[in-house]
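Step one of this worksheet: look at the structure below.
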Amino acid sequence: VAHKDPKKVKWAKDLRKQQGPPNLNEPTGLPKVLRTGKSDFYPYIPEELILEAAKNEEEIKLIRNLGFTSVIIVPLKVRGETVGGITLVTSEQKRHYTKVDLAMAQDLANRASLGMTNAHLYQAAKQEIQVRTRLQKDLATANTSHEQRVQRRTKELEKTNVDLQRSNRELEDFAYVASHDLHEPLRKIQAFS
């Protein structure tokens with residue numbers, strides 16, 4: 001809230017406190033903008049609108065005291081969803097907002113919405129980078145563990161291969177000795193015959 005008279009700022013803040021969070025079922029103002037996602041524009045504020053917007057006599061006094069003359073409320077959207085609104089109010093002036101002012105307010109809201117969307121995308125990208133970094137670390141750890149298992153199995157296979165080669169040499173030596181020992185009685189039989 002901004003106003004050249006600090007008392008008016010206090011009154012506006014008091015009004016906001018009294019009203020509390022907006023009731024989204026209200027037919028006009030910010031609740032309507034939040035509900036519909038479309039701008040609400042009041043180039044002139046008639047007495048009936050003040051009576052409709054106020055919840056009690058005290059709010060009517062506060063609104064009248066602020067001297068509202070014209071209102072523009074435009075939606076703030078992030079990824080197509082209305083997340084808030086910007087309200088522009090003239091008070092105590094003979095000037096009233098026009099469609100040119102409405103277009104300017106909508107452009108302002110679009111720029112603010114773009115900034116919020118970019119911030120949201122930045123946060124999402126930052127989280128994605130964190131997830132990817134963690135997954136890369138997990139993958140590196142898994143690769144290291146897998147490589148260690150492969151090296152261990154390779155050493156086991158090499159040892160088994162050496163043992164098999166030794167066992168084959170021993171088997172060949174045994175076969176040679178057994179063959180020699182089996183041929184010896186046959187030679188003696190041939191020699192006697």
Next item on the list: Give me the angle, in degrees from 0 to 90, between the Cα long axis of helix 6-19 and the longest principal axis of the Cα atoms of the chain, rounded to the nearest 10.
Entry: 60
Check: Given a 1.4 Å probe, how much area per residue of the chain is accessible, in Å²?
Finding: 76
Check: Who wins for biggest fluctuation among 139, 182, 157 in a Gaussian network model of the chain, springs between alpha carbons below 10 Å?
Finding: 182
Check: Of 100, 144, 24, whose Cα points farthest to the positive end of the dipole of the chain (charges on the beta-carbon: +1 Lys, Arg; -1 Asp, Glu; origin at the Cα centre)?
Finding: 100
Margin query: If you split all Cα-Cα distances of the chain into 5 Å bins from zero, what percentages do you get per bin, shortest first?
Written below: 1, 6, 9, 10, 10, 8, 5, 4, 3, 3, 3, 3, 3, 3, 3, 3, 3, 3, 2, 2, 2, 2, 2, 2, 2, 1, 1, 1, 0, 0
Next item on the list: Measure off, as a whole percent, the carbon and sulfur share of the 1.4 Å-probe accessible area of the chain, all protein chains present.
Entry: 57
Note to self: With +1 assigned to the C-beta of every Lys and Arg and -1 to the C-beta of every Asp and Glu, and no other charges, what is the dipole magnitude of the stretch 26-68 about the Cα centre in debye, to the nearest 20?
What the structure shows: 220
Checklist line | Hydrodynamic radius by Kirkwood, which averages 1/r over all alpha carbon pairs of the stretch 19-128, in angstrom | finding: 15.2
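Are any of the pairs 8/94; 38/94; 7/94; 137/159; 10/32; 13/94 more than 28 Å apart by Cα-Cα distance, and if so, which? The partial results should precede the final answer.
On the way: 8/94 17 Å; 38/94 26 Å; 7/94 20 Å; 137/159 33 Å; 10/32 25 Å; 13/94 23 Å.
Table pairs above 28 Å Cα-Cα are 137/159.
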Checklist line | Within the chain: Cβ-based charge dipole about Cα centre, in debye rounded to nearest 20 (Lys, Arg +1; Asp, Glu -1) | finding: 720
Next item on the list: Taking the chain as the reference, fit the longest principal axis to its C-alpha atoms, fit the long axis of helix 99-192 to the helix C-alpha atoms, and give the angle between the two in degrees, 0 to 90, nearest 10.
Entry: 10
Check: Under a point-charge model restricted to the Cβ atoms of Lys and Arg (+1) and Asp and Glu (-1), what is the dipole moment magnitude of the stretch 74-159 relative to its Cα centre, in debye to the nearest 20?
Finding: 340
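Taking trypsin sites (Lys or Arg not before Pro) that fall in a DSSP loop and have at most 13 other Cβ atoms within 10 Å as cut points, what is the longest piece of the chain between them? Don't skip to the answer; put the middle values down first.
On the way: sites that count: 4, 38, 55, 79, 94, 95.
Counting only loop sites that pass the neighbour cut-off, the longest clear stretch is 96-193.
The values are calculated or read from the model by the stated rules, or taken from the named source; none is laboratory data. This structure is a prediction, so every number in the text was calculated from the model and none was measured. For neighbour counting, all protein chains shown are included, and Cβ atoms are generated from backbone atoms with ideal geometry for every residue, glycine included. The area values use the complete protein model at the heavy-atom level, side chains included, leaving out ligands, DNA and RNA. Shrake-Rupley method; radii C 1.70, N 1.55, O 1.52, S 1.80 Å.
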